[in-house]
Amino acid sequence: MQGSPSIYFRCRSLFQFYERPERWLNGGLNGLMTRRFRSGGSSGSGGDYSKPSTHKFSPGRPPQRRQQAQTPLHVDEVVEYFESRVKSWARSPRLHQRLDDFGIPSPDAQNLLHEFTQRVQRGELSTPEIREKYYLDRLSKNAADLPIGTLADRVYTNVLFSWATDPANRQFLDTIISPSTLDSIENLVTAVDASYPAENFQLARRMRRKVIMHVGPTNSGKTYNALRALAAARVGIYAGPLRLLAHEIWERLNLGQILPLGAENEPTEDLVDDTIDVGDGKPAVHKNGDPRYARLCNLITGEEQKFVSDLAPLTSATVEMISFHQKYDVAVVDEVQMLADEYRGGGWTNAILGIAAKELHLCGEETAVPIVEAMLKGTGDELIVNRYQRLAPLSIEPHSLRGDLSKIRKGDCMVTFSRKGVFGLKRKVEEVTGLRCAVVYGRLPPEVRNSQAALFNDQDSGYDVLIGSDAIGMGLNLKIKRVILESVDKFDGVQERPLSLSQTKQIAGRAGRYGAHKDGDENVGLVATVREQDMPFLRRAIAAPFEPLKAARQNPTLASWQEAATALPPGASFRTMIDVHRFCARTNPIFEFCEINNIDTISEFVDTYASDFTTAEKFTIVMAPIPWRDRRLIEVIGDFMTKYREKFQVDLVSCLEETMYIKALRETEVKMTEGGQPKSNVQALDVLETLHKILVLYMWMSMRHPVAWSSHDDVSKLKARTEVALEWSLEGLTEAQELMGHHVGREPRKEKISFSKRRDRKIVLP
């Protein structure tokens with residue numbers, strides 16, 4: 001198609017749809033409702049709250065029918081399912097197009113599928129030995145994926161390629177398929193083979209590591225001893241899920257706020273604003289720091305590096321930024337259960353298998369223990385599991401709010417699952433109660449989330465209630481007395497689904513943080529729902545034991561991307577490069593590849609703007625923190641990529657100078673200088689949020705390509721200005737203006753630690 005890539009891609013992106021279920025999957029499964037666009041609001045945001053009060057919350061989105069959970073296939077049903085649907089699957093047009101994209105000629109594809117289908121129907125691939133060899137039981141692993149075709153299609157295709165490359169079948173297949181086609185299939189499978197991920201980390205494999213798991217619920221003290229061991233280490237690293245959490249550990253270590261293991265535990269004031277679970281409550285985390293225990297520590301996240309010293313023995317990082325080419329005495333990996341996260345889990349899997357540390361501490365949920373045990377089998381590592389109990393009890397309220405928002409009280413946190421729902425609840429609660437609400441949600445920059453959390457925690461700030469999404473579940477220090485779930489369903493991008501046990505427990509567990517309240521306050525955490533009909537679900541979820549994680553996620557390596565590009569036909573699309581990993585790669589049964597969110601949009605973007613980039617550059621785009629659902633942001637990123645391709649120089653000022661984003665920032669700053677009450681609206685806030693994401697992405701790219709993306713200093717200043725404008729705008733959304741005792745600070749946060757930004761250090765992706 002001729003014309004501007006920007007226009008072409010914009011038009012295409014408007015008509016993207018989720019993949020619909022294949023017809024061959026129909027029969028024997030629950031129905032599926034699919035849709036493309038999310039309209040905001042959480043499931044139940046408006047529903048029929050119970051009757052006693054006139055104070056009912058009415059959302060922005062109509063209530064939706066809750067989707068019934070899929071009935072999992074029992075392992076005894078797998079063979080029947082596999083054999084009965086293979087013929088219909090083999091006729092799928094999508095499958096034939098995929099094989100053609102992989103370079104398999106149509107006649108050979110027809111012969112291969114015919115023979116495979118016959119053997120499956122005769123039961124030759126269902127014997128116990130073959131069933132285990134090809135891992136058919138994965139069909140029973142996640143029934144929720146069966147209806148949309150993803151899991152079943154992957155299993156069939158993966159078994160087909162495993163069968164076609166099995167040496168036991170080569171002699172026969174040579175008689176019906178050209179040898180060159182069989183060689184091509186073998187090359188593809190070899191290129192993306194991921195059977196032994198532990199072998200990617202040879203430095204760690206040459207060690208016998210002591211792996212210590214610290215597991216327990218939220219607020220159990222599980223991180224306490226691990227961080228003390230790190231503070232005492234000769235050389236060590238902390239790796240966490242969020243850059244704010246990495247920043248906090250960096251600051252605490254440099255200021256001497258963490259008492260090293262083995263140091264004398266002197267009586268000091270407890271730190272009440274603590275994101276670190278403090279175990280038995282002894283004052284081992286110093287509020288103001290102790291110079292005797294200060295440790296030089298550098299910070300490395302995807303967006304920034306802060307070097308206190310080139311000789312600093314400690315590092316605090318986000319988990320994706322770990323170096324696997326350095327030896328450590330102690331390493332701490334936080335939120336280890338994230339290894340099962342479908343999008344980011346590969347970072348934790350790499351950390352567990354790859355950190356070359358004499359002593360590796362893994363902190364997180366009990367759910368991760370079995371899968372970590374399985375991952376470490378064969379590595380020679382020693383595994384120790386330390387279990388912790390919750391320090392402050394968690395109690396379920398006898399009843400819900402019964403729809404009456406006037407029952408909201410100081411110290412409450414209401415949880416909903418969309419940005420629109422957050423602002424709707426904020427407005428309604430402030431109208432009904434007169435209490436002022438801080439807000440925390442995923443789209444909000446982490447720095448602003450932290451500021452909002454600080455306002456809620458400060459009993460003199462005038463912010464008495466927190467309205468948040470599930471972003472409250474990790475990385476924020478919150479003095480919550482009671483958590484109230486506005487709904488127990490969450491939109492997953494396709495449909496409304498009930499919260500998982502892990503999600504429910506983690507959100508509810510934020511209530512009653514040990515030591516967070518003043519003397520005389522009870523530390524009991526309370527949890528409830530808005531609707532009475534949701535209380536039985538909450539009670540079951542809190543009482544239920546944790547379900548072990550089913551699989552660890554892994555990422556394709558850069559080497560496998562490059563080898564796949566070589567093995568595929570010339571000119572293969574980026575989507576084909578993705579699909580060859582998803583459908584052809586051999587994996588160990590305990591591992592699954594990470595999902596790529598918005599895969600159609602990403603593939604279209606790369607093929608439109610970056611088709612002539614190197615494989616490594618395309619790989620970088622996939623790993624970048626781009627919110628692919630934001631079409632306005634994608635247009636700006638497209639302009640970035642065009643300048644990178646044409647000039648190998650992405651100048652931030654020229655890209656953004658005349659855009660709505662800079663205009664919105666300047667207009668907000670003018671209003672801020674005029675004084676008076678802050679005034680804003682959700683639409684203006686949305687533009688500033690998008691600007692912040694653009695700036696974060698630029699910083700991320702600058703860390704990896706510092707010559708081409710050279711406006712790092714400018715973008716750092718612009719990012720700080722945007723965060724101040726966002727805080728001011730959030731304050732302007734508060735309805736209860738008469739309660740304002742002061743305004744949010746207008747100055748960017750000043751660091752307590754001297755550091756330098758090293759621009760000569762290029763980050764290399766694993």
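The values are calculated or read from the model by the stated rules, or taken from the named source; none is laboratory data. Since the structure is predicted, the reported quantities are computational estimates derived from the model, not experimental observations. Methodologically, a virtual Cβ is constructed for each residue, glycine included, from the backbone with ideal geometry; neighbour enumeration extends over all protein chains shown.
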**OP:** Name every residue in the range 299-322 that is closer than 23 Å to ALA368 by Cβ and free of Cβ contacts under 8 Å to residues at least 24 places away in the same chain, in order of residue number.
**Re:** none
Original post:
Which of the residues that make up the range 308-328 are assigned to a loop (DSSP other than H, G, I, E, B) and β-branched (Val, Ile, Thr)?
Top reply: VAL308, ILE322
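In the range 621-631, which residues are in a helix (DSSP H, G or I) and surrounded by 15 or more Cβ atoms within 10 Å (Cβ to Cβ)? Break it down into steps so the answer makes sense when it comes.
In the first step, residues of the range 621-631 are kept if they are in a helix (DSSP H, G or I); the result is 621-623, 631.
Matches in the range 621-631: ILE621, VAL622, MET623.
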Original post:
If you scan the range 163-184, which residues turn out to be surrounded by 11 or more Cβ atoms within 10 Å (Cβ to Cβ), free of Cβ contacts under 8 Å to residues at least 40 places away in the same chain and either aliphatic (A, V, I, L, M) or assigned to a loop (DSSP other than H, G, I, E, B) (or both)?
Top reply: THR165, ASP166, ASP174, LEU182
**OP:** Go through the range 705-725 and give me each residue that's modelled with pLDDT of 90 or more and over 22 Å from ALA664 (Cβ atoms).
**Re:** HIS705, PRO706, VAL707, ALA708, TRP709, SER710
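Name the one entry in SER126, SER88, SER106, SER84 that is in contact with a Phe, Trp or Tyr (Cβ under 6 Å, 6 or more places away or on another chain), of a type in the set (Ser, Thr, Tyr) and assigned by TED's automatic domain parsing to the domain that holds LEU139. Even if it seems obvious, please write down each step before you answer.
Details: SER126 fails: in contact with a Phe, Trp or Tyr (Cβ under 6 Å, 6 or more places away or on another chain); SER106 fails: in contact with a Phe, Trp or Tyr (Cβ under 6 Å, 6 or more places away or on another chain); SER84 fails: in contact with a Phe, Trp or Tyr (Cβ under 6 Å, 6 or more places away or on another chain).
When all the criteria are applied, what remains is SER88.
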**OP:** Please verify whether the range 387-394 includes one or more residues that are crowded, with 17+ Cβ neighbours inside 10 Å and among the polar types (S, T, N, Q).
**Re:** no
Subject >> For LEU353: the one exception among (1) touching a strand residue (DSSP E or B) at 6+ places or on another chain (Cβ under 7 Å); (2) modelled with pLDDT of 95 or more; (3) among the hydrophobic types (A, V, I, L, M, F, W, C) >> reply: (1)
**OP:** Working only within the range 513-527, note down all residues that are modelled with pLDDT of 85 or more and not aliphatic (A, V, I, L, M).
**Re:** GLY525
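Just to be sure before I move on: is ASP153 surrounded by 20 or more Cβ atoms within 10 Å (Cβ to Cβ), of a type outside the set (Ser, Thr, Tyr) and within 33 Å of the chain's Cα centre (by Cα) in the structure I sent?
Numbers: surrounded by 20 or more Cβ atoms within 10 Å (Cβ to Cβ): yes; of a type outside the set (Ser, Thr, Tyr): yes; within 33 Å of the chain's Cα centre (by Cα): yes.
Judged against the criteria, ASP153 is a match.
Assess whether ASN158 counts as being outside the structural domain of ALA263 (by TED's automatic domain parsing), touching a residue at least 24 places away in the same chain (Cβ under 8 Å) and not in a loop (DSSP other than H, G, I, E, B). Working first, answer last.
Numbers: outside the structural domain of ALA263 (by TED's automatic domain parsing): yes; touching a residue at least 24 places away in the same chain (Cβ under 8 Å): yes; not in a loop (DSSP other than H, G, I, E, B): yes.
Taking the combined requirement at face value, the residue satisfies it.
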**OP:** Working only within the range 364-379, note down all residues that are without any contact (Cβ under 8 Å) to a residue 60 or more places away in the chain and assigned to a helix (DSSP H, G or I).
**Re:** GLU373
Original post:
Among (1) out of contact with any Leu (no Cβ under 7 Å at 6 or more places or on another chain); (2) in a loop (DSSP other than H, G, I, E, B); (3) small (Gly, Ala, Ser); (4) within 20 Å of LEU726 (Cβ to Cβ), where does SER487 come up short?
Top reply: (4)
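So which of PRO570, PRO536 ends up being in the same structural domain as LEU136 (by TED's automatic domain parsing), more than 29 Å from TYR196 (Cβ to Cβ), at pLDDT 90 or above and over 21 Å from the mean Cα position of the chain (by Cα)? Steps first, please.
Details: PRO536 fails: in the same structural domain as LEU136 (by TED's automatic domain parsing).
The conditions single out PRO570.
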**OP:** Would you point out the residue of the range 636-687, among those that are at pLDDT 90 or above and not in a helix (DSSP H, G or I), that is surrounded by the fewest Cβ atoms within 10 Å (Cβ to Cβ)?
**Re:** PHE648
Original post:
Taking interchain pairs and intrachain pairs at least six residues apart, which have beta carbon atoms under 6 angstrom, with the first residue in the range 83-96 and over 14 Å from GLN121 (Cβ atoms) and the second part of a helix (DSSP H, G or I)?
Top reply: SER92/TRP24
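Go through the range 185-199 residue by residue and tally those that are assigned to a loop (DSSP other than H, G, I, E, B) and either surrounded by fewer than 19 Cβ atoms within 10 Å (Cβ to Cβ) or not β-branched (Val, Ile, Thr) (or both). Lay out the reasoning, then the answer.
First, pick out the residues of the range 185-199 that are assigned to a loop (DSSP other than H, G, I, E, B): 192-193, 195-196.
Next cut, either surrounded by fewer than 19 Cβ atoms within 10 Å (Cβ to Cβ) or not β-branched (Val, Ile, Thr) (or both) only: 193, 195-196.
Number satisfying all stated conditions: 3.
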Original post:
In the set GLY281, GLY346, which member is assigned to a loop (DSSP other than H, G, I, E, B) and either at pLDDT below 90 or buried (at least 21 other Cβ atoms within 10 Å of the Cβ) (or both)?
Top reply: GLY281
